[in-house]
Amino acid sequence: SRTAAVIPAAGRGVRLGPGAPKALRAIGGTPMLVHAVRAMAASRAVSLVVVVAPPDGAADVRHLLDEYPLADRDSTRTDVVVVPGGETRQASVRLGLAALPDDVTAVLVHDAARPLVPVDTVDAVAAAVREGAPAVVPALPVADTVKQVEPRTGERAGEPEPVVATPERAVLRAVQTPQGFDRRTLAEAHEKVALEGEGATDDAGMVERLGVPVVLIPGHEEAFKVTRPLDLVLAEAVLARRRA
Ligand code: CTP
Ligand code: MG
């Protein structure tokens, strides 16, 4: 029985603006994806990493990963496999899961777009899964008050949006990755969603729909997702502080 990490990295990064696919953009001179692979490989629990590359870019990603060593902290000699991804994050994760060997019993799904997740967070998620939790998610309290609205989109985009409700902030959490799962549970969730064609914005959300309990453990500020240009500024600063 072993633990693998699946890293969906097939997105374009539309919100980051024009340029290379997001996972290949550099932070501190090193592609985001390489940071993410290193973060997974640095966890002693993880012995295999499956990178899900842009559909037409698997060969390029393979070459890139061969250029950058996994670095000194890879004590366990992690294997890295690259597979082409799909149209949606969900499809990409499903393609990554399909590449796992039979002896993998636990899976961490980690966004390439969260390149600076600390290894302690990865270890904590992996440990909770190994101790028997079927689904484990790192999360933080939300800083902003969150409003539910009647969205104005399409022709009405930009119009003031009516507020419907204000959920109590104290009971809300913002979730991160890696999300850790019992392999069979996650595979079942993805099969069900593939059949029913329903969207969820994270893997744990799909598992919840199976009625399987999901638990949260403390996340980390440095596991933030690089989504918009300002996030790149923050990522550069975090990395510079780490290297100082
Ligand atoms: N992802 C993927 N396959 C897709 C879409 C997204 O593997 N078809 C991955 C991204 O590469 C990223 C993670 O899912 O590592 C989280 O998605 P997000 O932050 O939304 O990245 P993008 O979809 O690339 O960005 P955007 O939504 O701004 O285009
Ligand atoms: Mg996206």
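The values are calculated or read from the model by the stated rules, or taken from the named source; none is laboratory data. A quick note: this is a predicted structure, and the numbers were derived from the prediction, not measured. When we count neighbours, we look across all protein chains shown, and the Cβ atoms used for this are built from the backbone with ideal geometry, even at glycine.
For the reader, a short list of remarks on this structure follows.
- Within the range 35-56, considering residues that are without any contact (Cβ under 8 Å) to a residue 40 or more places away in the chain and within 16 Å of ligand 1 (Cβ to nearest atom), the one surrounded by the most Cβ atoms within 10 Å (Cβ to Cβ): Arg38
- Filter result (within 12 Å of the chain's Cα centre (by Cα) and of a type in the set (Val, Ile, Thr)) within the range 26-43: Val37
- Only a single criterion out of (1) at positive phi; (2) surrounded by 14 or more Cβ atoms within 10 Å (Cβ to Cβ); (3) not β-branched (Val, Ile, Thr) is not satisfied by Ala174, namely (1).
- Among residues of the range 216-234 that are within 12 Å of Ala139 (Cβ to Cβ), those with a beta-carbon under 6 Å from a residue that is of a type in the set (S, T, N, Q) at least six positions away or on a different chain give the pairs Gly219/Gln176; His220/Thr121; Ala223/Thr121; Ala223/Gln176.
- Output for the range 188-207, where each listed residue is over 16 Å from the mean Cα position of the chain (by Cα) and either free of Cβ contacts under 8 Å to residues at least 60 places away in the same chain or surrounded by 15 or more Cβ atoms within 10 Å (Cβ to Cβ) (or both): Glu188, Ala189, Glu191, Lys192, Val193, Leu195, Glu196, Gly197, Glu198
- Residues in the range 132-182 that are in a loop (DSSP other than H, G, I, E, B) and among the basic types (Lys, Arg): Lys147, Arg152.
- Applying the set (1) within 12 Å of ligand 1 (Cβ to nearest atom); (2) at pLDDT below 95 to Arg77 leaves exactly one unmet item: (1).
- Flag for Val171 being in contact with a Pro (Cβ under 7 Å, 6 or more places away or on another chain) and either more than 20 Å from Val207 (Cα to Cα) or not hydroxyl-bearing (Ser, Thr, Tyr) (or both): no
- Matching residues in the range 1-26 - criterion: being more than 6 Å from ligand 1 (Cβ to nearest atom) and under 30 Å from Arg77 (Cβ atoms): Ser1, Arg2, Thr3, Ala4, Ala5, Val6, Ile7, Ala20, Pro21, Leu24, Arg25, Ala26
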